[in-house]
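Here the structure comes first, spelled out in structure tokens, and everything after it is commentary.
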Amino acid sequence: MTSSQNPASSPTKAAADPALFDLLVLGSGIAGLAAARLAEDDGKRVLLIDKGRRLGGRVSTRRQDGFAFNHGAQFVTAKGTEFASLLAKAKAAGNIKDWQISDDKIVQIGTPSMRDLPQFMATGLMIRQQTEITQIAHHGGHIGFFDKDGLVATGRQAIITAPAAQTAKLLADIYPELAATAGLARYDPCWTIMLGLEGDHGLGTLPLRDEAAGIALGVPEFTRSNQQSSLDAPALTIQATGAWSQQHLQDDPQMVIKSLCQIWQNLSGKPLGKIITSAAHRWLYAKVTTAAPSAAPRLSHDGKLAIAGDWLGGPRVEQAFDSGRQAYHHLR
Ligand SMILES: Cc1cc2nc3c(=O)[nH]c(=O)nc-3n(C[C@H](O)[C@H](O)[C@H](O)COP(=O)(O)OP(=O)(O)OC[C@H]3O[C@@H](n4cnc5c(N)ncnc54)[C@H](O)[C@@H]3O)c2cc1C
């Protein structure tokens, strides 16, 4: 019934016993992990629940036919001290490193893959993946999370970190004031294509971007690594801009692959060569364009449930991290 790729967690116990937790967290993306980490450090008994196969949410890495693609967030940057401190710890543990993204800019990335950042954050947390919560309701004076088969777990308190539209739907009946906050956020979509190539000639040594042409970032994955790893296989991840993605939202994935390959080749002036494997992923809620205003409610009227997610702050991983921590502070 459950699974988690976090070896330090005990999903089986949580699965067999839908017991009462101090805190239930919906979502094992950066916001959920940040909130859960803080609560655990505070001595709380916490369970994270996520519908995805793997933790990390939009900070994700996909492997296909021997190629590895970072098809969600491409890199992280820290403006505040809390996130900078997390990155420093992850760096010391070998899970974060510098990456030259352009001639004059160095950013930070998970290593060996982007997912290694959320994986680092998840150490020791109890996480249950592949469980889609379909209803949140009061249950015995607490907050109950339900899936299609019934009650999954109960919590004295809960934090919801699903993207805004999904949060609005889940909370419409139980906490309409928070559903209303979620209704105020907006995102751009992002078509992302992943290409496993026969050769790496012509890919260049830096990511490519050209907003006017529709490419937000095209990343030869081997530019992330100077060691021999699956990321060294000639894999190319191309992310379209929000405007291009919106314009092609309903296109067939094969058409999207063809179009973005053509744009890449026009910009680089070189053919991609033989494509061994390809895939397209349409992120409907990719980057926040309008965050919910800070004056809108983030804590339920009874103090039992708080909302978090990048859509309460802005379009970057750091803002998801900050929102998760703030949600926990609201509950205290
Ligand atoms: C293509 C793309 C490129 C990006 N590039 C960058 C970048 O380079 N730098 C940067 O800083 N940011 C980037 N971002 C943004 C960044 O990835 C996000 O801001 C951040 O990861 C959001 O984290 P979160 O925890 O708020 O949400 P999410 O990561 O979306 O986590 C929410 C989680 O909730 C789960 N969930 C939802 N509904 C349910 C349910 N009903 N039941 C159970 N689980 C549920 C989901 O499975 C998901 O894991 C990018 C995003 C995308 C998509």
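Any read-out appearing in this document is the output of simple, stated calculations on the displayed coordinates, not a laboratory observation. This structure is a prediction, so every number in the text was calculated from the model and none was measured. Heads up, the Cβs are rebuilt from the backbone with ideal geometry, glycines too, and the neighbour counts pull from every protein chain shown.
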statement: Placing +1 on each Lys and Arg Cβ and -1 on each Asp and Glu Cβ in the chain, then taking the dipole about the Cα centre, the residue among ILE127, HIS201, GLY66 whose Cα reaches farthest towards the positive end is ILE127
- request: Before anything else, pin down the relative contact order of segment 187-289: Cα pairs under 8 Å, at least 6 apart, normalised by residue count, whole percent.
  value: 47 percent
Ellipticity estimate at 222 nm from DSSP helix runs (n ≥ 4, -39,500 (n - 2.57)) divided over the chain, nearest 500: -7500 deg cm²/dmol
task: Just grab the label-to-label distance for LEU249 and ARG186, each label 7 Å out from Cα along the Cβ direction, in nm (one decimal).
output: 1.1 nm
Rounded to whole Hz, the Karplus (6.51, -1.76, 1.60) HN-Hα couplings of segment 21-27, x for glycine and proline: 9, 5, 9, 9, 10, 8, x
³J(HN,Hα), Karplus 6.51/-1.76/1.60, whole Hz, each residue of segment 65-77, x for Gly, Pro: 6, x, 10, 10, 10, 8, 9, x, 4, 8, 6, 10, 9
- prompt: What relative contact order, as a whole-number percentage, does segment 73-152 give when Cα pairs under 8 Å and 6 or more residues apart are counted?
  reply: 19 percent
message: What would the Debye equation give as log₁₀ I(q)/I(0) for segment 89-209 at q = 0.19, 0.20 Å⁻¹, counting only Cα atoms as equal point scatterers?
response: -1.14, -1.17
- request: Return the long-range amide H neighbours of VAL152 (sequence gap of 5 or more, or a different chain), with a cut-off of under 5 Å between placed amide H atoms.
  value: PHE145, PHE146, ASP147
field: Length-normalised contact order for segment 128-251 - Cα pairs under 8 Å, 6+ apart - percent
entry: 18 percent
- line: Quick calc, ARG332 & ASP65: beta-carbon distance into FRET formula, R0 30 Å, rounding 0.05, result 0.05
query: By average Cβ neighbour count within 10 Å, what is the ranking of 22-33, 119-130, 167-178 from highest down?
result: 22-33, 119-130, 167-178
Using θ = phi - 60° and Karplus 6.51 cos²θ - 1.76 cosθ + 1.60, couplings along segment 285-290 (whole Hz; Gly, Pro as x): 10, 9, 10, 5, 9, 9
- request: Compute the Cα gyration tensor for segment 232-320, then decide on rounded, prolate or oblate, letting a ≥ b ≥ c be the square roots of its eigenvalues: rounded whenever a/c is under 1.5, prolate when a/b is larger than b/c in the other cases, and oblate in all that remain.
  value: prolate
field: Principal axis box of the chain, alpha-carbon based, largest edge first, Å
entry: 64, 39, 39
message: Using 0.36 nm times the number of residues separating ASP22 and SER268, minus their current alpha carbon distance, what extension gain do you get?
response: 83.2 nm
- request: Enumerate the amide H contacts of VAL25 below 5 Å, restricted to partners 5 or more residues apart or on another chain; note that Pro and chain-start residues carry no placed amide H.
  value: LEU47, LEU48, ILE49, ILE159
field: Stretchable slack from LYS51 to ALA92, in nm (0.36 nm times residue separation minus alpha-carbon distance)
entry: 11.7 nm
message: Checking a compactness column here: for segment 187-289, what do you get for Rg(Cα) / (2.2 N^0.38 Å), N being the number of residues?
response: 1.03
- prompt: Listing SER85, SER113, SER278 from the residue with the fewest other Cβ atoms within 10 Å to the one with the most, what is the order?
  reply: SER85, SER278, SER113
